[in-house]
Amino acid sequence: SVPGSKSVSMNYIGGTTPSSINGSVTSNGILYFMNPNGLIFGSGSTVSASGVMAFGSATPWGTPTGAVTNAGVLTATNNGTVALVGSQVTNSGTITAPGGEVLLAAGSTVTPLTTTGVSSLSVATTGGGLVDDSGIVSAETVGGKTGTILLQSGMGSGTTTLESTAVLDASAPNGGNGGSITVDGHTVVLDETAPLNVSAALGTPGTLVIDPTYTYVGTASALETIDTSQSTYLNTSSVCIVLTANIDLASGSTPYNWVPLGTSSTSAFTGIFNGNGHTVSGYTIGTSTSNYSGIDVGFIGYLGSGGTVMTLGVEGSVYAETINGSVSDVGGVVGENYGTVERSYNTGAVNGAWSAGAVSGGYEVGGVVGYNKGTVEYSYNTGGVTGAFGASAVGGVVGYNCGTVEYSYNTGAVTGAIGASAVGGVVGYNLGTVEYSYNTGAVNGGCATGGVVGCNLNIVIFTYNTGNVSGWGNAGGVIGTHVDGCFGSSYNTGAVKTSGACGEFYAGGDIGFAGAVTSNQGYLIYDTSKFSGQAVGTNTTATAIGRSTSCFGSAYYMYELCASGFNSWTSGHFKYIDLGPSGFPWYEGTVVSGSGTMNAPMLIPDLPTATVTGSGSSVYSGSTVTAGYSATSNMGATTLTPNVTVTTSVGPNAGTYTNTPTVSI
């Protein structure tokens, strides 16, 4: 018993061991507990006072050295504060402060920045520190006085974790406005997080801030929480979502209705989404019978400047339609990109539809990115990409490119309706750079259809196509319509066909139609035929087969401006592009196409595992390898030459083996 609710009782505990409180402690004032060895409120403990302040240090705040753990019931009355401050702070019990404040803070230093009693408690934390909450923390609004909940670990390297059973409640169920909840730290871990409640039944909802440098997401429900509360979880450019496992969002056979992360330039995703080599599947954006209507549509709708998507695989389905009078950007991974998409892929169907009753507008649709003004690299698409009537750019990797697309490929079918223009196996409409990329899927489109690029106005170099190309007008094995820019060191082995109702249409083994060719653009020589339509309604159909592989490397068949011919893959630009410590991105393998097979480059991440067989002459650990001994090597991890030294689990330097299989795509 102390004189009043603001009176303080200071309880310092010395010695060398943590203090355990397992019974009942009550006070009409504020209780301070201090032990540099740590404090433990056991599962049977009950502490009730105007304020409960527990420090794993010899003095309040400062530099805690001991852990503080609560498994009991801690209650602050009279709009008071409960503060647990230590090198580590763990709560599995119940903490209640009606109309007051609850603070769980850990780090090498913890310093208060504002006074208590005004629902604005904040602290500065440094160093490491761990805050882990699996219990109930409540600071509901009472008598118009809102509550504050703050969980914060050391900003340098600390981790704040909300377990699946955690409940943070700063709501106003009986009147007034909702309070505030802040979960902070260098790393915030959300694992199937239970409700974070700042609602107000009769007033204005409060504020909820998840403000880490990194946000780890390891489960479907955690990712769904972010998806349904984007304004809360994606409120800072520093947010980084890291997957810790593959995530299937489907509920049984019912796919999850995914809302694109970031839907416009004013609500862009500008952080980092690191798939960490994992995939997100079991979701759909729109359905085949009810298209999603939006401007920027994809797993991430709008990736802003500075934003990054990396090592992420998406395996959902996208069905989107234009908003009347606007251009919509539709992609499997990102709808509109001003950042970087790297080492990511899409395997689901991507469909762009014309909205009912629309009289203007259109859309760009790509297997990976719809509209790109940033960078797309080391990425691929295997799903079908479809653009309906009115599409302005349809591409296997990118629909409309004003940035850079490199080291990327498409194997899925790319289809544009007759009224869709600029349809390409890699990029539909190119105003940027497309390099070191290829397509093996079938490409069918309207005007300007190409195996690599539909319509080109800038740079296309070091590319190839093996898929069959069919266009309503101006179809080319590499480029459908080349308006301007440069094209070089590229080739096609697929069949090319064009057909149209009227006018003149061009089909080419490399380029279907070349527009402005000025004196400084070199020579354009291509294997084409010119087809003139007859009366309206009469189709003229013909087929032009791409040049034979024996012509590869010949400048006669190259549009040489920006780059020289390869001559051979082993000495050309694919082989020796400088990637620094990551090594070469290509492996020379066998490309199988309609016209036969040939050696060509393939991206290493797309390669299968290979089995290498011992010759019987290699020695390790004093033993000779048995002839026929086999080991499996992941070809995606290293470039395998015809003879490769393999390190196996049975010992180092296991010897030289022969790569036996033929690699085909």
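The values are calculated or read from the model by the stated rules, or taken from the named source; none is laboratory data. For clarity, every value in this text was computed on a predicted model and none was experimentally measured. Glycine gets a Cβ as well: all are built from the backbone with ideal geometry, and neighbour counts include every protein chain shown. Surface areas here come from the heavy atoms of the whole protein model, side chains and all, with no ligands, DNA or RNA. Shrake-Rupley method; radii C 1.70, N 1.55, O 1.52, S 1.80 Å.
The charge dipole of the stretch 169-279, taken about its Cα centre with unit charges on the Cβ atoms of Lys, Arg (+1), Asp and Glu (-1) only, comes to about 200 debye. Residues in the stretch 87-98 carry Karplus couplings, in order, of 5, 9, 10, 10, 10, 10, x, 10, 10, 10, 9, x Hz; the curve used is 6.51 cos²θ - 1.76 cosθ + 1.60 with θ = phi - 60°, and Gly or Pro positions show x.
For the stretch 148-225, the solvent-accessible area of protein heavy atoms averages 34 Å² per residue (probe radius 1.4 Å; ligands and nucleic acids excluded). In this label model, Asn257 and Ser293 are separated by 1.4 nm, measuring between points 7 Å along each Cα→Cβ vector.
Of the heavy-atom accessible surface of the stretch 1-153 (probe 1.4 angstrom), what whole percent is carbon and sulfur?
With neighbouring chains kept in place, the figure for the stretch 1-153 is 56 percent.
Less than 5 angstrom separates the built amide H of Val2 from those of Asn28, Gly29, all sequence-distant by 5 or more or on a different chain.
Between Gly450 and Val423, Gly424, Gly425, Gly476, Gly480, the built amide H atoms are under 5 Å apart, and every one of these is 5 or more places off in sequence or on another chain.
Average accessible surface for the stretch 248-294: 45 Å² per residue, computed with a 1.4 Å probe over protein heavy atoms with every protein chain in place.
For the stretch 195-238, backbone nitrogen atoms closer than 12 Å to the point 7 Å from Ser265 Cα along Cα-to-C-beta are found at no residue. Excluding Gly395 itself, what net charge comes from residues whose Cβ is under 13 Å from its Cβ, given Lys and Arg +1 and Asp and Glu -1? Summing Lys and Arg as +1 and Asp and Glu as -1 gives -2. Accessible surface calculations at 1.4 Å, restricted to protein heavy atoms, place the stretch 410-484 at 19 Å² per residue. Computed 3J(HN,Hα) for the stretch 123-138, one whole-Hz value per residue from the Karplus formula 6.51 cos²θ - 1.76 cosθ + 1.60 where θ = phi - 60°, is 9, 9, 10, 10, x, x, x, 10, 10, 10, 10, 10, x, 10, 10, 10, glycine and proline marked x. Please give the residues of the stretch 210-235, grouped as numeric ranges, whose backbone N is less than 18 Å from a label point set 7 Å along the Cα-to-Cβ vector of Ser199. Answer for this model: 225-233.
Once C-alpha pairs closer than 8 Å and six or more residues apart are averaged by separation and normalised to the residue number of the stretch 1-152, the relative contact order reads 17 percent.
On the beta carbon distance between Ser5 and Thr207, with R0 = 22 Å, the FRET formula returns roughly 0.20.
Evaluating 6.51 cos²θ - 1.76 cosθ + 1.60 at θ = phi - 60° for every residue in the stretch 341-350, the Karplus couplings come out as 10, 9, 6, 10, 8, 10, 10, x, 6, 10 Hz, glycine and proline recorded as x. Looking at the stretch 156-236, none of the GluC sites (Glu not before Pro) sits in a DSSP loop with at most 15 other Cβ atoms within 10 Å of its own Cβ.
Considering only beta bridges that DSSP places wholly inside the stretch 20-123, some 5 percent are antiparallel. Each label point was placed 7 Å from the Cα along the Cα-to-Cβ direction; for Asn276 and Ala250 their separation is 2.4 nm.
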